[in-house]
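Asker: Have a look at the structure that comes next, please.
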Amino acid sequence: MDNQTLIQIKERVKNLPLKPGVYIMRDETGNIIYIGKAKVLKNRVSQYFINTKKPEKVRLMVSNVKTFDYIITNTELEALNLESNLIKKHQPFYNILLKDGKAQPFLKIDLKQDFPKVEMTRKIKRDGAKYFGPYFGAVNYKDLLNLINNIFNLRTCSHNLNDGKKLKRECLNYQMGYCSAPCTGKITKENYRQEVNRVMAFLKGDLSYAKNTVQNKMKACAETENFEKAIEYRNNLNMLNHLGSGLLTDIKQFADIDVFGFFANGGASVISILVVRAGKILGLNNFNVIDINNNEKDILTSFISQYYPSNSVVPDEVILPYDLGDVVENYVNQFSSKKVKVTVPLKGTKQKLLTMAINNAKDYLEKNIEKSRLTELKTIGAVNLLKDSLNLPETPIRIEGYDISHVQGTNMVASMVVFERGEAKYNHYRKFKIKTVDGSNDFACMKEVLTRRIGELKGNDVSFSCRPNLILIDGGKGQLSFAYSVLTENGENIPMISLAKKEEEVYKPNESQPYILSRDNYGLKLLQRVRDESHRYAITFHRSLRGKNALVSELSKIELIGKNKEMALLEHFMDINKIKNASVEELMEVKGISKKLAQNVYNYFHKN
């Protein structure tokens, strides 16, 4: 940050209100790099710009600040809610990031369905459904789901049973005794709901009904000398005993508790969450957190605001290592129908659980610190290195990579992949079907794709509306020049480079000599990842499109089928094998597919 910018910012800070709110730090390109909440805006923001010694990560963030915005709120709780929503939306690099990979699995029961089933999900929605979990560590959700399907007679199919229509025959699960066949009216809604209630009681920790059922089934199988099935039920019983063995005897039997442990070494931080459900320890989850804030209480407060409710169901009690005040308790209670206790235990079993979580956080940080440093070098470190190595006008926070795929000019498609801060942002990937090019002409295909992409900069699409800091094209000077002409023709000044595969040379527009980066350069490795990912994504889309076209061609051979019904089948099943393996009844669920046509489709794929 230059002196002039610092002077301007300090003048703005003087005029900040003495009220709660959220502040938003931006860099020279307008990108949001940090979002924070404050009990008193003026006091909090001024701390970043006074002449005191700051931790390295704080110093780095402040050096990139060009300006800031702020939003005043009525209360600190409103500020915490707003901070949480803005961080989830913008995901600034210097804020906390939940770094454990994909979200943990939950089991979901949608009680709005007439005949609900138990299904796995990784997304928590405020949709009235019941969620149980999360499941990880000692409890495998797949084993638990199989156990439920073996013991209770709930359906597992995807039929829509809310419309009152009944199928003509039961599936194999009914014949094997795994389903009560609500699809054909073998069970009433009332009796089926009783079975659902038993499943929910089981997931809340009541194992008695499940154990009795398994023991009776095991005994019946043994009496009929069905020993293979008896062994399966014996294994189910062993799993139930294992679930019961994790009970914390000093804790209320059906207690649901999340225990937050925290450990920091001045440069990195880890939060470990010990999950107790129905009085049993289900497992422990570790999160690397990145935050420029040096206050442990503020880090934990911000983390909790992101963890609930999108990553977990709010339990009966939350145990913390520090007293975070009323704001956290008020925050978590927004997402629960009953009062949630937020405590800092000083003795007893709960204090032992807290110590366990803190020790796990410390152990995880010590063992993973080098791994975290390497990850940083490969991601944001590589991004910063690219700016310097290629003399780019701005830090390439968002890199978009493009590739074309076809076979001799047929089924021509293109891919757009997105890397932000050196990591793939999968939900921003986009794919294109080439519309205006005939024959094998990669140059013209790229021109069409980039023209369509640039035309969407002011659109509503969450990815297209984001302006890239760098566009990467696969190829040499010729490919780059042709692609760059699209930007100039549209009056855009977005940095663009190409990467020639043979020697891994980097070209920039209007420069005759390539940039040669060391093969060990993390910036080059990042470009290679973007290039290879765009190639993979384009080929995957091309193969999918080619497969669908082949299936359409195959479907067109079936008697009585037309183009509209071909597309209806494809849109409904989304997979070739699902159409081939569908029953007549499942085919008839597709709009416009009569019984006769469904039978024709079924017969065609079951000739032998």
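The values are calculated or read from the model by the stated rules, or taken from the named source; none is laboratory data. What you see is a predicted model, and the numbers here were worked out from it, not measured in a lab. Here the Cβ is made from the backbone with ideal geometry for all residues, glycine too, and neighbour counts use every protein chain on show. All accessible areas refer to the heavy atoms of the entire protein, side chains included, with ligands and DNA or RNA removed. Shrake-Rupley method; radii C 1.70, N 1.55, O 1.52, S 1.80 Å.
Asker: For D461, only one of the following conditions fails: (1) touching a Gly at 6+ places or on another chain (Cβ under 9 Å); (2) in a loop (DSSP other than H, G, I, E, B). What is its number?
Answerer: (1)
Asker: A further question on this structure: Give the residues of segment 313-348 that are crowded, with 17+ Cβ neighbours inside 10 Å, without any contact (Cβ under 8 Å) to a residue 60 or more places away in the chain and charged (D, E, K, R), sorted by residue number.
Answerer: E329
Asker: Now, a different point. Run down V413, V417 and say which single residue is open to solvent by less than 10 Å² (accessible area, probe 1.4 Å) and modelled with pLDDT of 90 or more.
Answerer: Within the list V413, V417, the selection yields V417.
Asker: Here are some residues: V40, V62. Which one is touching a Leu at 6+ places or on another chain (Cβ under 6 Å), open to solvent by 10 Å² or more (accessible area, probe 1.4 Å) and either at pLDDT 80 or above or not aliphatic (A, V, I, L, M) (or both)?
Answerer: When all the criteria are applied, what remains is V40.
Asker: Would you mind stating whether R536 is modelled with pLDDT under 85, open to solvent by 50 Å² or more (accessible area, probe 1.4 Å), within 29 Å of Y402 (Cα to Cα) and out of contact with any Gly (no Cβ under 9 Å at 6 or more places or on another chain)?
Answerer: No, not satisfied.
Asker: To continue, here is another question. Can you find, within segment 469-483, the residue that is farthest from K525 (Cα to Cα) among those that are part of a helix (DSSP H, G or I) and open to solvent by less than 10 Å² (accessible area, probe 1.4 Å)?
Answerer: Among those residues, the one meeting the criterion is A483.
Asker: Of the residues V449, V486, V462, only one is in contact (Cβ under 8 Å) with a residue 24 or more places away in the chain, β-branched (V, I, T) and open to solvent by 80 Å² or more (accessible area, probe 1.4 Å); which?
Answerer: V462
Asker: What pairs come out if I take residues in segment 66-90 that are of a type outside the set (S, T, Y) and modelled with pLDDT of 90 or more and pair them with residues that are open to solvent by 70 Å² or more (accessible area, probe 1.4 Å) and in a helix (DSSP H, G or I) whose C-beta lies under 8 Å away, six or more apart or interchain?
Answerer: Going by the 8 Å Cβ cut-off, the qualifying pairs are F68/R12; L77/N330.
Asker: Pairs, please: C-beta under 8 Å, at least 6 apart or cross-chain, first residue modelled with pLDDT of 90 or more and surrounded by 16 or more Cβ atoms within 10 Å (Cβ to Cβ) and in segment 500-520, second among the small types (G, A, S) and assigned to a loop (DSSP other than H, G, I, E, B)?
Answerer: E505/G476; Y507/G476
A quick yes/no check of all residues on (1) in a helix (DSSP H, G or I); (2) of a type in the set (V, I, T); (3) surrounded by fewer than 17 Cβ atoms within 10 Å (Cβ to Cβ):
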position: K578; (1), (2), (3): yes, no, yes
position: E586; (1), (2), (3): yes, no, no
position: I593; (1), (2), (3): no, yes, no
position: K596; (1), (2), (3): yes, no, yes
position: N600; (1), (2), (3): yes, no, no
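Asker: So N197 passes all but one of these: (1) within 36 Å of the chain's Cα centre (by Cα); (2) crowded, with 17+ Cβ neighbours inside 10 Å; (3) at pLDDT 85 or above. Which condition number does it fail?
Answerer: Of everything listed in (1) within 36 Å of the chain's Cα centre (by Cα); (2) crowded, with 17+ Cβ neighbours inside 10 Å; (3) at pLDDT 85 or above, N197 misses just condition (2).
Asker: Go through segment 301-312 and give me each residue that's open to solvent by less than 20 Å² (accessible area, probe 1.4 Å) and in contact (Cβ under 8 Å) with a residue 60 or more places away in the chain.
Answerer: Passing the criteria: T301, S302, F303, S305, Q306, Y307, S312.
Asker: Here's a follow-up. Condition first: at pLDDT 85 or above, in a helix (DSSP H, G or I) and more than 22 Å from Y34 (Cα to Cα). Can you find one or more residues in segment 305-328 that meet it?
Answerer: yes
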